[in-house]
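Here's the structure, in C-alpha cells; my notes come after.
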Amino acid sequence: MIKLFENILDIIYPKSCGLCGGLLEFGSEKAVCEACFEKLNKEGFPFRSGREGISLFPYSGDIRKRIIELKYDGRTELCSLFGFFMAEAFKKSGLTADFDEVLAVPASKKGFKARGYNQAELMAKEVGKRLNIPIGSELVRIKETLPQNKLDQSKRAENIKGAFGVTGNLHNKKILLIDDIYTTGSTINECKRTLISDGAESIFYITAAKTVLHNDN
C-alpha cells in the first residue's frame, strides 16, 4: 500500500535529480539521475575513504554552498540527498551492514534552537532507512561549546572535550556515526572516545564533506 501511494505521488509530483534538476525515472529510489551519479563515480566519489570512515566530498564549491544552505537556510530536503550519497558510499566501500545502530553527532542546544533541527540527525535517518540499520539516540550533548568553525585547529579538541555523553546501553555495539563536515576530526574523535568508553565495540563514521587542510595528502 505504501509503495502504491509513493508511485501515485511520483506521477503527480515527479521527482527531480538533486544535482542537475532533471526528472528522475518513474519509481526511482535514487536522489540523483544516472548521468550525475556516473559522473561522480568517474570523478572519484567518495572523496576520502579509509578504515575509520568516509567523507563524500571536499568542502568547497557547490557542495559547500549546499551545506551552508542546509545549515542556515532551512533546506532540510538536502539531508535526503546527502543521506543517499552516504548510503551509496557505504555500499561502494564494501562494508557489510552489520552495524547495530546509526547515530548522529548531536547538535548544540544553541544550534538546534536556531535551526529547529539537527542536520546530522536527518542525514542519519536517511542512511538508516536506506541501509536498513536501526536509528539510535543514545549519544547526547551534555556541555555547550563554542562553535568549532570559530576556532583555529589548535583549540578545537580542547573546546569539544567532554561535550558528549551516552544515555542507554551501547555495550559491544557497532556504531555508524554520521555528521555533516569533517575538518580536523576533533568532534568525530570526541564522539568516538565517548562511545568506546561507554562500551561500544567499534565506530565507523561518514560525513557529507571534508575540509581540505594544507597538510592533507
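Before moving on, here are some points about what is shown:
- In this structure, the amide hydrogen of Phe57, modeled 1.01 Å from its nitrogen in the peptide plane, lies closer than 5 angstrom to those of Phe47, Ala209, Lys210, counting only residues at least 5 positions away or on a different chain.
- Charge dipole (debye, nearest 20) of segment 42-84; +1 at Cβ of Lys and Arg, -1 at Cβ of Asp and Glu: 120
- Highest-MSF residue in the chain out of Ala163, Ala104, Ala120 [GNM, Cα springs under 10 Å]: Ala163
- From its DSSP helices (H runs of at least four residues, each -39,500 (n - 2.57)), the chain gives a residue-normalised ellipticity at 222 nm of -12500 deg cm²/dmol.
- Net charge over other residues, Cβ less than 15 angstrom from the Cβ of Lys173 (K, R count +1; D, E count -1): -4
- Reachable lysines, given that their alpha-carbon falls under 30 Å from the alpha-carbon of Lys39 and they are not under 8 places away in the same chain: Lys3, Lys15, Lys30, Lys65, Lys71, Lys91, Lys92, Lys125, Lys129, Lys210
- Overall form of segment 128-216 per C-alpha gyration tensor (a/c, 1.5; a/b vs b/c): oblate
- If you run the Gaussian network model on the chain, springs between alpha carbon atoms under 10 Å, then out of Arg193, Arg156, Arg51 the most flexible one is Arg51.
- Neighbour net charge for Lys65 - beta-carbon separation under 12 angstrom, K R +1, D E -1: +1
- Tyr72 contributes an accessible area of around 130 Å² to the protein surface, as traced by a 1.4 Å probe with all chains present.
- Around the amide H of Tyr205, modelled in the peptide plane, lie the amide H atoms of Gly53, Ile54, Leu177, all under 5 Å away and 5 or more residues distant in sequence or on another chain.
- Across segment 132-187, Cα pairs under 8 Å and at least six residues apart give a relative contact order of 42 percent.
- Other residues whose C-beta falls under 13 angstrom from the C-beta of Leu95 contribute a net charge of +1, scoring Lys and Arg +1 and Asp and Glu -1.
- Straight-line cross-link partners of Lys109 among the aspartates and glutamates, defined as a Cα under 13 Å from its Cα and at least 8 positions apart when in the same chain: Glu144.
The values are calculated or read from the model by the stated rules, or taken from the named source; none is laboratory data. Predicted model, so just to flag it, every value in this text is computed and none were measured. Ideal geometry is used to build each Cβ from the backbone, glycine not excepted, and the neighbour counts take in all protein chains shown. Remember, those area values only see protein heavy atoms, side chains included, never the ligands or the DNA or RNA. Shrake-Rupley method; radii C 1.70, N 1.55, O 1.52, S 1.80 Å.
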